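Some notes on the structure that comes next.
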Amino acid sequence: ESKGKGNAWFKIFEEGYDSSSKKWCTDKLIANKGKLDITIPGDIKAGSYFLRTEIVALHGARRVGQCQFYPNCAQLEVTGGGSAVPDGVALPGYYKSDDP
């Protein structure tokens, strides 16, 4: 068990700007009173997982290092017969101040 250390974090969902609706995912969250449904991939290996969500505020992003991160976490127990263990990244350390 990694306990979150090293390259233990892998992404299962991402949503930003939807050009068809001209709305950001944040707009969807606000309209739905903070709720967003996602699906855990069915092939993920059973076990304990720490789900980390985040909203990245870009209003200050014109200056290096001025993005604002709003993380949230939940402990999950995944059950089933999956065997997938996706490649992960380390947090902190994955984001760089000059990322586009």
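Select from the stretch 13-85 those chymotrypsin sites (Phe, Trp or Tyr not before Pro) which occupy a DSSP coil region and have at most 13 other Cβ atoms within 10 Å, ordered by residue number.
In loop regions of the stretch 13-85 (DSSP not H, G, I, E or B), the sparsely surrounded chymotrypsin sites (Phe, Trp or Tyr not before Pro) are Phe13.
222 nm [θ] for the chain, helices only, -39500 (n - 2.57) per DSSP H run of 4+, per residue, to 500?
-1500 deg cm²/dmol
In the full protein assembly as shown, how much of Ile40 is accessible to a 1.4 Å probe, in Å² to the nearest 10?
Only protein atoms counted, so the area is about 60 Å².
In a Debye calculation with equal point scatterers on the alpha-carbon sites of the chain and no solvent, what is log10 I(q)/I(0) at q = 0.11, 0.19, 0.21, 0.22 Å⁻¹?
-0.43, -1.15, -1.28, -1.33
Mind listing which GluC sites (Glu not before Pro) in the stretch 1-85 are in a DSSP loop and have 16 or fewer other Cβ atoms within 10 Å?
Glu1, Glu14, Glu15
Longest span of the chain, sites excluded, free of trypsin sites (Lys or Arg not before Pro) in DSSP loop with at most 14 other C-beta atoms within 10 Å?
64-95
The values are calculated or read from the model by the stated rules, or taken from the named source; none is laboratory data. Computed from a prediction, not measured in an experiment: that's the story for all the values here. A quick note on method: Cβ atoms are made from the backbone with ideal geometry, for glycine too, and the neighbour counts reach across all protein chains shown. Heavy atoms of the whole protein, side chains included, go into the accessibility calculation; ligands, DNA and RNA do not. Shrake-Rupley method; radii C 1.70, N 1.55, O 1.52, S 1.80 Å.
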